[in-house]
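A.B. asks: One structure coming up, written as structure tokens, with questions to follow.
The values are calculated or read from the model by the stated rules, or taken from the named source; none is laboratory data. What you see is a predicted model, and the numbers here were worked out from it, not measured in a lab. All Cβ positions, glycine included, derive from the backbone under ideal geometry; neighbour counts span all protein chains shown. Calculation scope for accessible area: heavy atoms of the full protein, side chains included, ligands and nucleic acids excluded. Shrake-Rupley method; radii C 1.70, N 1.55, O 1.52, S 1.80 Å.
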Amino acid sequence: MAILPIRVYPDPALKEKTHAVDSIDDELRKLIKNMIDTMYAAPGVGLAANQIGVLKRVVVVDVDEDLMVLINPEITWYSEEQEENEEGCLSVYPDKISVNVSRSLRIIVKAVNEHGEDVEFEAEGLLARALQHELDHINGMVILDRTSSEERQNALRGLTKQMGMG
Ligand code: ZN
């Protein structure tokens, strides 16, 4: 087991496009194990591979003690109904800022699981939010890209104050 350092904004790995996984081999299984260990150690409810510097389309999520490993995940449907809520991120000034992000309340996700099986399911509420957050990561986006510029500036200004930089 290995707990790996989580890349923090503005690390370039968080902005880069990640690559589809074409085979589930020992290397990928090791990556998944390390991602799970790192997520639980943080602690967080989700982690994307590029948050530990690996540019692959793999995410792990655990909301309500239900661990999910998703390889090449895609959101195939978003509900029109959205909800705005505060989100923080292990890669964006963790524990120091959270910003309001609007997300669809319900989504449908298609992916391959760690056993190589195709899965498709509907998610709602916090799970839907966590999945949209992690899918953003593997598409090179972070919460600061998902909020208004005013909110972003306020969050970063608050941060400067907390860090005593004036
Ligand atoms: Zn995040």
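A.B. asks: Could you tell me whether any residue of segment 101-120 is under 19 Å from Ala13 (Cα atoms) and either in a strand (DSSP E or B) or in contact (Cβ under 8 Å) with a residue 24 or more places away in the chain (or both)?
C.D. replies: no
A.B. asks: Before we move on, is Arg152 assigned to a helix (DSSP H, G or I), at pLDDT below 95 and closer than 26 Å to Ser79 by Cβ?
C.D. replies: Yes: the conditions hold for Arg152.
A.B. asks: What residue, among those in segment 26-59 that are within 13 Å of the ligand (Cβ to nearest atom) and touching a residue at least 60 places away in the same chain (Cβ under 8 Å), is farthest from Asp118 (Cα to Cα)?
C.D. replies: My answer is Gln51.
A.B. asks: When the residues of segment 72-98 are filtered to those that are within 16 Å of the ligand (Cβ to nearest atom) and of a type in the set (S, T, N, Q), which remaining residue is surrounded by the most Cβ atoms within 10 Å (Cβ to Cβ)?
C.D. replies: Result: Ser91.
A.B. asks: Please verify whether segment 21-37 includes one or more residues that are under 14 Å from the mean Cα position of the chain (by Cα), of a type in the set (Lys, Arg), within 20 Å of Ala130 (Cα to Cα) and open to solvent by 50 Å² or more (accessible area, probe 1.4 Å).
C.D. replies: The answer is no; no qualifying residue exists.
A.B. asks: Okay, moving on. Report, by residue number, each residue of segment 6-25 that is among the aromatic types (Phe, Trp, Tyr) and either away from the ligand (no atom under 16 Å from the Cβ) or without any contact (Cβ under 8 Å) to a residue 60 or more places away in the chain (or both).
C.D. replies: Matches in segment 6-25: none.
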